[in-house]
Amino acid sequence: MTPATSGTSTSTRTRARPMAPEERRKHLIDVTLQLLREHGREVTTKQIAEAAGVAEGTIFRVVESKEELVDLAIDRAFEPGAIVERILEIDPDLPLADRLLTLVAILQQRWRATFWLMQRVGLVRPPRHDEARADDARAQLLALIVGVIAPDAARLAVSPEQFAHRLRLLTFAGTHPHISDGHLLTPEEIVETLLHGLQRNP
């Protein structure tokens, strides 16, 4: 038997709950970012409004144009965001190889999503790449990587900072489909190369 609630209209079911202005703005940016990964810059304000559960006119009470909303969404994609929390959650008591595998997997997941978004929206480099904010974000990421490595510094032939630099470069190159010529590296391959190299044992 059809439930009595089945007569509720789609618009009623999908209508978003009332939000404060800043919360609504954040929600629209998040929804736009998700749709950019699927549709690229061809995404429409109608699609954004439907996915966000708001009237299309609501968008233009938050931003002046679709282009502004798209730019805000792209900027959001390059903020450190959850990657900081995920790296900080890596258990320092795990063996070094296990910590590195988790770290590389986190970095690869983030960078795969970033590379895909850049392709969809036609970016050849991150926005504001040369600004101080971008430099701060890179420095923060490097410090986080160093923090994962540091407990085993005495076992390494280089400093944790040098090791982190090489890990970041190898992971970035091994995750980028063009730099790697389509031969992407797995976390296991990256960690094995860093810890043991590629020479056979005698």
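Treat each spin label as a single point 7 Å out from the Cα along the C-beta direction, and report the Val84 to Ala153 distance in nm.
In this crude label model, Val84 to Ala153 measures out at 2.3 nm.
Taking the chain as a Gaussian network, Cα atoms linked when under 10 Å apart, which of Glu79, Glu89, Glu161 shows the biggest mean-square fluctuation?
Of Glu79, Glu89, Glu161, the Gaussian network model singles out Glu89 as fluctuating most.
Would you work out if the range 94-134 is rounded, prolate or oblate? Take a ≥ b ≥ c from the square roots of the eigenvalues of the alpha-carbon gyration tensor; rounded if a/c is under 1.5, else prolate when a/b is larger than b/c, oblate otherwise.
It comes out oblate by the Cα gyration axes.
On the protein heavy atoms, probe 1.4 angstrom, tell me the percent of accessible surface of the range 50-202 carried by carbon and sulfur.
Ligands and nucleic acids excluded, carbon and sulfur give 54 percent.
Fully extended, how many nm does the chain gain between Val124 and Leu169 (0.36 nm per residue separation, minus their Cα-Cα distance)?
Extending this stretch completely gives an extra 14.4 nm.
Heavy-atom accessible area of Asp135 with all protein chains present, probe 1.4 Å, nearest 10 Å²?
Around 70 Å² of this residue is reachable by solvent.
How would the chain be classified by its alpha-carbon gyration tensor: rounded, prolate or oblate, with rounded meaning a/c under 1.5 and the a/b versus b/c comparison settling the rest?
prolate
In whole Å, what is the distance between the alpha-carbon centres of the range 130-202 and the range 61-100?
18 Å
Full-extension gain between Lys46 and Ile179, please, as 0.36 nm times their residue separation minus the C-alpha to C-alpha distance.
44.2 nm
Which trypsin sites (Lys or Arg not before Pro) in the range 75-184 sit in a loop by DSSP (not H, G, I, E or B) and have at most 15 other Cβ atoms within 10 Å of their own Cβ?
For trypsin sites (Lys or Arg not before Pro) across the range 75-184 that sit outside H, G, I, E and B with at most 15 neighbouring Cβ atoms in 10 Å, the list reads Arg128.
Measuring from label point to label point, each 7 Å out along Cα→Cβ, what is the His27 to Arg61 span in nm?
Modelled inter-label distance: 1.2 nm.
Could you give the nm distance between label points at Ala20 and Ala134, where each point is 7 Å from its Cα heading toward the beta carbon?
About 3.3 nm separates the two model spin labels.
The values are calculated or read from the model by the stated rules, or taken from the named source; none is laboratory data. This one's a predicted model, so the numbers in the text were calculated from it and none came from an experiment. Backbone-built Cβ (ideal geometry, glycine too); neighbour counts: all protein chains shown. Note: areas computed on protein heavy atoms with side chains; ligands, DNA, RNA excluded. Shrake-Rupley method; radii C 1.70, N 1.55, O 1.52, S 1.80 Å.
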